[in-house]
Amino acid sequence: MPPLFGPTVRAFGFGARQRPDGRVVVSAGLGARVTRRVSLYDLHGLRYWLPRARTVRRNLRIRVDHRQVLRELWQRRTIGPALVPSRSREPLADKGSVDEALVRLAQVFPAATGAVTRRYWGGLVDMTPDGLPVIDHRCGPNGFTVLSGLCGHGLAIGPVLGEIAADLTLDGTTRRSIEPFRLARFDGEVASPEVMI
């Protein structure tokens, strides 16, 4: 497509960014309806995600992942390497949401009228119950350092995260305050943010 916009656009009804070659990546945008496929595994964190799910219930469809439930019953467990979905089991894209977003994009940017969808994609985002990353050291075997749950923040704070990871791994400490991000914060009640990135 011809140049439509420079920065990433995130609006109600669509989200979009244009690549240098002119292709436009479109998402459902703010207020999108999301489908969450659940299995027996989700019972582990029910106290964390259920209150949050209630607050966004208008934008959330919960469906049972029957294949995963059967796998868990067969393995007689809900956690383990054999139960991690393979790369071929990435979530299917919600084509209807993307098509609606493309229509909305054309309403806001008329030059996008007539754009053709070349590919649909759906993926996973690692997200913690409170929407904040986990940054911790010695929370696993052999002083394991963890940086996870960077659901949208990772790229922006990548350089400082690299510094913190190196400090924690090499020295066991860092000059930056990571207390609010420690894994142990999930031992008590977990705050549920009003808005997630």
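All of the numbers you see were taken from the coordinates with simple rules; none came from a lab. Computed from a prediction, not measured in an experiment: that's the story for all the values here. Using ideal geometry, Cβ is built from the backbone for each residue, glycine included, and neighbour counts are taken over all protein chains shown.
Can you tell me the FRET efficiency between Val160 and Arg182 if r is taken as the Cβ-Cβ distance and R0 is 22 Å, rounded to the nearest 0.05? After rounding, the FRET efficiency stands at 0.85.
Looking at region 1-124 only, what percent of DSSP beta bridges run antiparallel? Nearest 5 please.
On the way: 7 of 13 bridges.
Just about 55 percent of them are antiparallel.
Annotation: peptides 95-102, 15-22, 113-120, ranked by per-residue average of other Cβ atoms within 10 Å with the highest first, follow the order 95-102, 15-22, 113-120.
Restricting the calculation to Cα atoms, the chain yields a radius of gyration followed by a Dmax of 19.9, 57 Å.
Taking Lys and Arg as +1 and Asp and Glu as -1, the other residues whose beta-carbon sits under 15 Å from that of Leu170 total 0. Fully extending the segment from Leu50 to Arg33, taken as 0.36 nm per residue of separation minus the present Cα-Cα distance, adds 4.5 nm.
Magnitude of the charge dipole for region 1-124, about its Cα centre and with charges confined to Cβ atoms of Lys, Arg (+1) and Asp, Glu (-1), is about 400 debye.
For region 134-187, the equivalent ellipsoid derived from the Cα gyration tensor has semi-axes of 16, 14, 10 Å, listed largest first.
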